[in-house]
Amino acid sequence: MGWTLTDDVGAYRAAVGELLSSEPERNTVLLSVLASLTRLGPAAFGDAAPLFGWWPRDGAPRAAVLQTPPRPMLLTALPGESAGQLARALADRGAALADRGAALADRGAALSGVNGPEADVTALAAVWRDLTGASGRTHQRQRLYRLGALVPPEPAPDGTARLATVADAAVAGSWYAAFAAETGQVEAVDDVVTDRLHRGQLLLWEVAGKPVSMAGLTDVLAGVARVGPVYTPPGRRDSGYGGAVTAAISELALSRGAESVILFTDLANPASNSLYRKLGYEPVEDRMVVVFGA
């Protein structure tokens, strides 16, 4: 059956668009990253070429992956023998690149990490370890939440929400960087932050005209909008601003036609999980990020 691996975003979109849209909540990150790559080009998330794949080669795809190096590979569910076949295809690709003297001289470097449903990440990581000797570690356990009935904070904190504009690029960029540093993620490139500002996808909570918290929002894709990141600088925390800006951007998503509003939390952060439940978000499934190497 085998996997098709390519760097052709158009071919990937044509092959897996229906598959990704069939479960838009679970495939939300693949959908939004694919939309950005389609709109901004293959260098949207950095200089390294993205990698796309689908399984099986023949017939309607039943699984798909997407990676924008050096970020972990994003996975749909991996049914049947697809996890093992994917690991072998990636290992073969890494070996072929090494033979050509390409950047992935170490076979284990062909896969920096994996991000997806817990069972599928575990299965792929186990085969990858057996094939390459690269041991993985759990970087983060996540929970996917879906908004039920929105419950705005009561009492609301001081301040109001407003859409960020390109004039807010400095604060948005610095808060993106701070969020990435705190959560151990790769920092968003300037083009992505600028694109979100142009598209009205960042909301600021302001007090006396000064931003104190920020929340992001994706496009509505297949009826789903995803909230994130949500960031409040350390000196402004525990004042209710994070909950207020999350509620405000959730309302914005609904006003833009989202049938489902979702977000991810880090299960190691009980405060954020408790906050989102109070706002009306309900758990959908648990997910995992495993990284290989440093």
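If we scan segment 59-81, do we find a residue that is of a type in the set (S, T, Y) and open to solvent by 50 Å² or more (accessible area, probe 1.4 Å)?
No, segment 59-81 contains no residue that is of a type in the set (S, T, Y) and open to solvent by 50 Å² or more (accessible area, probe 1.4 Å).
How many residues are surrounded by 15 or more Cβ atoms within 10 Å (Cβ to Cβ) and either under 19 Å from P157 (Cα atoms) or of a type in the set (G, A, S) (or both) if we restrict to segment 185-200?
1
Yes/no matrix, rows are residues, columns are (1) closer than 26 Å to V224 by Cα; (2) charged (D, E, K, R); (3) over 21 Å from the mean Cα position of the chain (by Cα); (4) at pLDDT 95 or above:
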| site | (1), (2), (3), (4) |
| --- | --- |
| L37 | yes, no, no, yes |
| F45 | yes, no, no, no |
| G53 | yes, no, no, yes |
| L66 | yes, no, no, yes |
| G94 | no, no, yes, no |
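Sort out which residues of segment 139-154 are part of a loop (DSSP other than H, G, I, E, B) and in contact (Cβ under 8 Å) with a residue 12 or more places away in the chain, and write them in order of number.
Within segment 139-154, G148, A149, L150, V151, P152, P153 qualify.
Quick check: is even one residue across segment 278-289 closer than 29 Å to P69 by Cα, β-branched (V, I, T) and either assigned to a strand (DSSP E or B) or open to solvent by less than 10 Å² (accessible area, probe 1.4 Å) (or both)?
Yes, segment 278-289 contains at least one residue that is closer than 29 Å to P69 by Cα, β-branched (V, I, T) and either assigned to a strand (DSSP E or B) or open to solvent by less than 10 Å² (accessible area, probe 1.4 Å) (or both).
If I filter segment 166-193 down to residues being of a type in the set (D, E) and assigned to a helix (DSSP H, G or I), which single residue comes out as nearest to V289 (Cα to Cα)?
E182
Rundown of residues vs (1) touching a residue at least 24 places away in the same chain (Cβ under 8 Å); (2) crowded, with 18+ Cβ neighbours inside 10 Å; (3) touching a Gly at 6+ places or on another chain (Cβ under 9 Å); (4) more than 22 Å from R141 (Cβ to Cβ), yes/no style:
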site: G228; (1), (2), (3), (4): yes, yes, yes, no
site: Y231; (1), (2), (3), (4): yes, yes, yes, no
site: P234; (1), (2), (3), (4): no, no, no, yes
site: D238; (1), (2), (3), (4): no, no, no, yes
site: Y241; (1), (2), (3), (4): yes, yes, yes, yes
site: E259; (1), (2), (3), (4): yes, no, yes, yes
site: T265; (1), (2), (3), (4): yes, yes, no, no
site: N269; (1), (2), (3), (4): no, no, no, no
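Just one of (1) at positive phi; (2) out of contact with any strand residue (DSSP E or B) (no Cβ under 9 Å at 6 or more places or on another chain) trips up G80, so point out which.
Failed condition: (2).
Among (1) touching a residue at least 24 places away in the same chain (Cβ under 8 Å); (2) hydroxyl-bearing (S, T, Y); (3) farther than 16 Å from T218 by Cβ, where does T28 come up short?
(3)
Does A164 count as touching a residue at least 40 places away in the same chain (Cβ under 8 Å), open to solvent by less than 20 Å² (accessible area, probe 1.4 Å) and over 16 Å from the mean Cα position of the chain (by Cα)?
Spelling it out, A164 is indeed touching a residue at least 40 places away in the same chain (Cβ under 8 Å), open to solvent by less than 20 Å² (accessible area, probe 1.4 Å) and over 16 Å from the mean Cα position of the chain (by Cα).
Is it true that some residue in segment 201-213 is surrounded by 15 or more Cβ atoms within 10 Å (Cβ to Cβ), farther than 23 Å from P72 by Cβ and of a type in the set (G, A, S)?
Taking every residue of segment 201-213 in turn, at least one turns out to be surrounded by 15 or more Cβ atoms within 10 Å (Cβ to Cβ), farther than 23 Å from P72 by Cβ and of a type in the set (G, A, S).
The values are calculated or read from the model by the stated rules, or taken from the named source; none is laboratory data. Model, not experiment: these values are computed from the prediction. Every residue, glycine among them, receives a Cβ derived from its backbone with ideal geometry; neighbour counts consider all protein chains shown. Just the protein is used for accessible areas: all its heavy atoms, side chains included, with ligands, DNA and RNA removed. Shrake-Rupley method; radii C 1.70, N 1.55, O 1.52, S 1.80 Å.
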